[in-house]
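Asks: Shown below is the structure under consideration.
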Amino acid sequence: MRIIKYTHACVRLEHDGRVLVIDPGTWSEPSALAGADAVLVTHEHTDHVDVLRLAGLGVPVYAPAEANIPRLEVTGVSPGEDFTAAGFRVRAVGGRHAVIYGGQPDCANLGYIVDEAVYHPGDSLHVPEQPIETLLVPAQGSWLKMAEAIDFVRAIRPQRAFAIHDAQVNHRGLSSINGWLSEETGNGYRYLAPGESV
């Protein structure tokens, strides 16, 4: 499976000619959706879902059943549900967005485990019960501390981890985040710049 990182939380998965895109938000490049067969949306925040772009795409979009995403037709998914999207096997895990500062209301948030290998948690730090080969770890957010990101990677113990949710960080901040994740979580961590793939 080829993983291509786009700006912020958007990731494109390609395998045998099939394309699955996760969290194409308003900050991600439109090219992430070129040739997409299906889209997974972790939650309703605009940095994770670009409603206008997706409404005109004409492919299945899966999102939490409780998400409030007006003007976009989605297939509602619930925590613990297994389904197929673009020929990829997907398991929905978690259920709620991480706690936001000051008691601001959270929202439904699902993490997605794709082909029992790649885990995109959206804006949560939910630790699934199954082993994870590749973790997409949130690197920055108003709801996140660096120590929490490190503990999240340590709790999951993936073979490899790549940062997502990093668009609000300048180059100096990103260097610090990458240093901490590399030093504290092991040799499996690597930063992918937007457009890079593994």
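Asks: Just a yes or no: is a residue in the range 91-110 closer than 24 Å to PHE162 by Cα and aromatic (Phe, Trp, Tyr)?
Replies: Looking for residues that are closer than 24 Å to PHE162 by Cα and aromatic (Phe, Trp, Tyr), one finds none in the range 91-110, hence no.
Asks: Within the range 128-149, work out how many residues are surrounded by fewer than 17 Cβ atoms within 10 Å (Cβ to Cβ), among the aliphatic types (A, V, I, L, M) and touching a residue at least 24 places away in the same chain (Cβ under 8 Å).
Replies: Final tally of qualifying residues: 1.
Asks: For the range 21-28, state whether one or more residues are farther than 17 Å from ALA193 by Cα and touching a strand residue (DSSP E or B) at 6+ places or on another chain (Cβ under 8 Å). Break it down into steps so the answer makes sense when it comes.
Replies: Filtering the range 21-28 for residues farther than 17 Å from ALA193 by Cα gives 26.
Going one step further and asking which of them are touching a strand residue (DSSP E or B) at 6+ places or on another chain (Cβ under 8 Å), we end up with none.
No, the conditions are met nowhere in the range 21-28.
Asks: Could you please give the count of residues in the range 1-27 that are open to solvent by 10 Å² or more (accessible area, probe 1.4 Å) and not β-branched (Val, Ile, Thr)?
Replies: So the count comes out to 10.
Asks: Out of everything in the range 85-96 that is within 15 Å of VAL61 (Cα to Cα) and small (Gly, Ala, Ser), what residue ends up being surrounded by the most Cβ atoms within 10 Å (Cβ to Cβ)?
Replies: Within the range 85-96, the match that is surrounded by the most Cβ atoms within 10 Å (Cβ to Cβ) is ALA85.
Asks: Moving on to the next point. Looking at LEU33, LEU52, LEU57, can you tell me which residue is touching a Pro at 6+ places or on another chain (Cβ under 7 Å), at pLDDT 95 or above and over 21 Å from LEU135 (Cβ atoms)? Break it down stepwise before answering.
Replies: Numbers: LEU52 fails: touching a Pro at 6+ places or on another chain (Cβ under 7 Å); LEU57 fails: touching a Pro at 6+ places or on another chain (Cβ under 7 Å).
Step by step, each of LEU33, LEU52, LEU57 is checked, and only LEU33 is touching a Pro at 6+ places or on another chain (Cβ under 7 Å), at pLDDT 95 or above and over 21 Å from LEU135 (Cβ atoms).
Asks: Given (1) assigned to a strand (DSSP E or B); (2) without any contact (Cβ under 8 Å) to a residue 40 or more places away in the chain; (3) touching a Leu at 6+ places or on another chain (Cβ under 6 Å), where does LEU13 come up short, assuming only one miss?
Replies: Checking LEU13 against (1) assigned to a strand (DSSP E or B); (2) without any contact (Cβ under 8 Å) to a residue 40 or more places away in the chain; (3) touching a Leu at 6+ places or on another chain (Cβ under 6 Å), the one that fails is (2).
Asks: Turning to a different aspect of this structure: Any idea which of VAL114, VAL99, VAL118 is β-branched (Val, Ile, Thr) and open to solvent by 10 Å² or more (accessible area, probe 1.4 Å)? Working first, answer last.
Replies: On the way: VAL114 fails: open to solvent by 10 Å² or more (accessible area, probe 1.4 Å); VAL118 fails: open to solvent by 10 Å² or more (accessible area, probe 1.4 Å).
The conditions single out VAL99.
Asks: If you don't mind, another one. Restricting attention to the range 147-198, report how many residues are within 15 Å of the chain's Cα centre (by Cα) and in a helix (DSSP H, G or I).
Replies: Of the residues in the range 147-198, 3 are within 15 Å of the chain's Cα centre (by Cα) and in a helix (DSSP H, G or I).
Asks: Restricting to the range 17-27, name every residue that is more than 13 Å from the chain's Cα centre (by Cα) and not in a loop (DSSP other than H, G, I, E, B).
Replies: First, pick out the residues of the range 17-27 that are more than 13 Å from the chain's Cα centre (by Cα): 17-19, 26-27.
Those that are more than 13 Å from the chain's Cα centre (by Cα) and not in a loop (DSSP other than H, G, I, E, B): ARG18, VAL19.
Asks: Right, next: Within the range 120-169, which residues are β-branched (Val, Ile, Thr) and farther than 20 Å from ARG12 by Cα?
Replies: In the first step, residues of the range 120-169 are kept if they are β-branched (Val, Ile, Thr); the result is 127, 132, 134, 137, 150, 153, 156, 164, 169.
Across the range 120-169, the qualifying residues are VAL127, ILE150, VAL153, ILE156, VAL169.
Asks: Quick one: which residue in ASP82, ASP50 is among the charged types (D, E, K, R), without any contact (Cβ under 8 Å) to a residue 40 or more places away in the chain and buried (at least 22 other Cβ atoms within 10 Å of the Cβ)? So that I can check it myself, show each step before the final result.
Replies: Working: ASP82 fails: buried (at least 22 other Cβ atoms within 10 Å of the Cβ).
Answer to the selection: ASP50.
Asks: Considering every residue within the range 125-145, establish whether at least one is part of a helix (DSSP H, G or I) and within 15 Å of the chain's Cα centre (by Cα).
Replies: First, pick out the residues of the range 125-145 that are part of a helix (DSSP H, G or I): none.
No, the range 125-145 has no match at all.
Asks: Another one. Would you confirm whether or not the range 62-76 contains a residue that is open to solvent by 10 Å² or more (accessible area, probe 1.4 Å), under 27 Å from GLN159 (Cβ atoms) and either within 15 Å of the chain's Cα centre (by Cα) or not small (Gly, Ala, Ser) (or both)?
Replies: Taking the range 62-76 first, the residues open to solvent by 10 Å² or more (accessible area, probe 1.4 Å) are 62, 65-76.
From what is left, the residues that are under 27 Å from GLN159 (Cβ atoms) are 62.
Still in the list and also either within 15 Å of the chain's Cα centre (by Cα) or not small (Gly, Ala, Ser) (or both): 62.
For the range 62-76, residues open to solvent by 10 Å² or more (accessible area, probe 1.4 Å), under 27 Å from GLN159 (Cβ atoms) and either within 15 Å of the chain's Cα centre (by Cα) or not small (Gly, Ala, Ser) (or both): present.
Each row is one residue, and each column tells you yes or no for (1) at pLDDT 95 or above; (2) hydroxyl-bearing (Ser, Thr, Tyr); (3) in contact with a Leu (Cβ under 8 Å, 6 or more places away or on another chain).
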position: PHE83; (1), (2), (3): yes, no, no
position: PHE88; (1), (2), (3): yes, no, yes
position: ARG96; (1), (2), (3): yes, no, no
position: ILE100; (1), (2), (3): no, no, no
position: GLN104; (1), (2), (3): no, no, no
position: CYS107; (1), (2), (3): yes, no, no
position: GLU116; (1), (2), (3): yes, no, no
position: HIS120; (1), (2), (3): yes, no, yes
position: GLN130; (1), (2), (3): yes, no, no
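The values are calculated or read from the model by the stated rules, or taken from the named source; none is laboratory data. For clarity, every value in this text was computed on a predicted model and none was experimentally measured. Methodologically, a virtual Cβ is constructed for each residue, glycine included, from the backbone with ideal geometry; neighbour enumeration extends over all protein chains shown. Calculation scope for accessible area: heavy atoms of the full protein, side chains included, ligands and nucleic acids excluded. Shrake-Rupley method; radii C 1.70, N 1.55, O 1.52, S 1.80 Å.
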